Amino acid sequence: MNEMDLLTRFRDTVPLKVTPGAEQLFRAALREELYPERVAVSRHRHPLNRIRSPWRLGVIVSVAAALAAGIVIAVRPSGPTVLTARLLADRASAAALTRPTVSPGQWVYRVVEWNLPNLRKGVPSTGTEAGWETADGTVTYGHLGTGGVGPGSDLPSYSQLGSLPRDPAALDAYLAHRVYPNSNPAPDIKGLSAFSSIERMLSHYVLPPALEAEMYQALAVIPGIQVDSHVTAIDGQSGVAFVLPPTPQSEKLEIILDASTYRFLAQGAWGSATQFAEFATVKTVIVGAPGSTKPSLTPPTAAELLAEQAAAANSYGGSTPPPYIEPTTWTMRKLVTAAGEQTVWATADDSAQASYVNGKLQVCSRSAACAKSTPWLMPAGPSYAQFNPPFTGARGPGLPYDSLPQLLATLNTYSTGCTAVAGDCNAVNATANILAGYASYSGLTQPNLFLILADVPGVTVRQVTDVTGQADTALRFPFTDGITEILFSAGTHLFTGYVRDGVETVITQVSTVSGPGSPTPVVNRPILR
């Protein structure tokens with residue numbers, strides 16, 4: 001049984017009525033007060049591995065029993081306790097185990113204050129940003145992250161966290177290997193890689209409590225790790241820090257924890273005495289939905305979770321974004337309905353379309369007489385310039401992506417011919433039209449276009465087998481006409497099609513081509529399954 005398992009078992013013996021503060025003191029007492037000699041134990045050995053005798057186990061059980069009665073037992077040492085990396089890791093681990101477990105799709109509201117030196121002239125070196133992010137770090141809403149960077153592709157994905165090594169040293173080695181998979185770096189580089197990876201996971205994920213506890217233990221065994229017991233973050237909060245001294249490969253780095261709760265507080269780096277950078281988390285609130293600042297541990301609904309997964313898959317795709325696409329670039333789409341397969345060519349902004357009719361290629365533009373009889377991929381909704389405003393030094397007027405309620409309300413102003421107007425059917429139709437008819441010139445789709453779908457009253461989720469025989473997950477809306485379902489691949493959550501007026505249409509391929517009628521893709525973007 002390892003240290004974290006032991007702590008977790010002790011935690012399970014404490015009744016729920018015991019306060020987190022008392023529980024935290026209990027855990028700290030296990031090391032610094034009941035067994036002060038363990039402070040001097042080598043950082044390469046688990047202190048609790050030395051707990052073997054029935055006497056010591058009996059003392060711990062007695063402390064747990066006292067806590068159950070609301071009594072905290074503490075034998076104070078004669079002198080002040082020296083805060084070592086091991087002791088800080090133990091305190092932080094114990095505090096982490098008292099926090100609630102949240103689902104990967106749970107939303108977190110964060111306020112972050114940052115200090116970045118030597119930016120461009122006229123750009124402020126300090127600032128504050130706020131926004132929402134899912135616990136797994138895959139979807140963001142608002143302005144969170146505008147001053148910093150994402151976690152990086154060399155981190156384990158949230159779904160891989162459960163398979164990480166439990167031993168602290170092995171965890172450090174694993175994280176270093178992810179950064180340098182094809183080499184065997186020097187020990188100081190391994191320590192830097194592990195330290196940086198842990199810092200990014202603490203700042204971009206809401207980790208499961210047991211795993212967060214393990215992260216602190218892994219920090220404590222990094223060779224050369226130090227502690228600063230008196231740190232003040234840039235927002236004025238008091239903290240304690242794990243410190244990685246400067247090396248030939250890096251500057252001095254800090255992971256700062258709140259001095260009283262041991263929550264992750266900030267990250268700091270020194271390039272020199274005048275080149276200091278820090279990101280401090282002023283506020284972290286677990287909330288029920290993006291846009292809310294009210295604490296809530298309510299897990300996301302099935303519709304909210306699917307919308308989040310679709311936002312992540314279709315906005316980022318888990319890979320390198322496709323190249324830049326001009327609005328006039330021709331694209332080829334293969335559509336499948338119960339009646340068969342059809343190929344449609346269209347410009348990225350859907351201002352012109354082409355298809356074969358009776359064996360003859362017919363090309364039509366929006367301004368031509370044939371426009372009235374052409375079944376447009378984007379039959380109704382915002383203009384392409386509003387969906388994807390051109391960037392000319394500053395974004396032009398577009399859709400209000402920064403506010404989910406405003407975005408939903410704006411899309412509802414477009415007349416799409418559906419009857420359930422009060423039920424947001426116009427917004428659903430306009431969104432489906434955008435997804436099926438426009439090709440973003442940046443290769444990405446705004447995640448909020450998917451998030452608003454979960455806010456439609458009465459939306460549900462169901463598993464379906466589409467007309468191509470593939471497994472899909474559908475957002476189903478309580479409408480009698482227009483778009484009643486939007487389909488996503490069950491495996492990848494990529495947008496695959498829709499049901500309009502009872503007819504299911506699946507898009508099996510999207511490719512850029514040289515012109516209308518061209519069968520040869522320039523860039524192939526198949527719908528992955």
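Values in this text are rule-based calculations from the coordinates and carry no lab data. The shown structure was predicted, so the numbers you read here are calculated from the model rather than taken from an experiment. Glycine also receives a Cβ, built like all others from the backbone with ideal geometry; neighbour counts cover every protein chain displayed.
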Separation of the Leu361 and Thr293 label points, Cα + 7 Å toward Cβ, nm: 5.6
In a Debye calculation with equal point scatterers on the alpha-carbon sites of the range 107-300 and no solvent, what is log10 I(q)/I(0) at q = 0.12, 0.18 Å⁻¹? -0.60, -1.37
State the volume of the convex hull built on the alpha-carbon positions of the range 157-254, expressed per residue in Å³ and rounded to an integer. 108
Students often check this: by mean Cβ neighbours within 10 Å, which of 410-423, 375-388 ranks highest, and how do the rest follow? 375-388, 410-423
Calculate, in whole percent, how much of the Cα-Cα pair population of the range 347-442 lies beyond 24 Å. 30
Distance in nm between Ala371 and Ser415 label points, each 7 Å along Cα→Cβ, equals 1.6
Cα-only Rg/Rh for the range 218-302 with Kirkwood Rh rounds to 1.10
Tyr180 paired with Thr81, simple spin-label distance in nm, labels 7 Å along Cα-to-beta-carbon: 3.6
Once you have all Cα-Cα distances for the range 305-526, histogram them in 5 Å bins from zero and send the whole-percent values. 1, 7, 14, 19, 21, 19, 12, 5, 1, 0
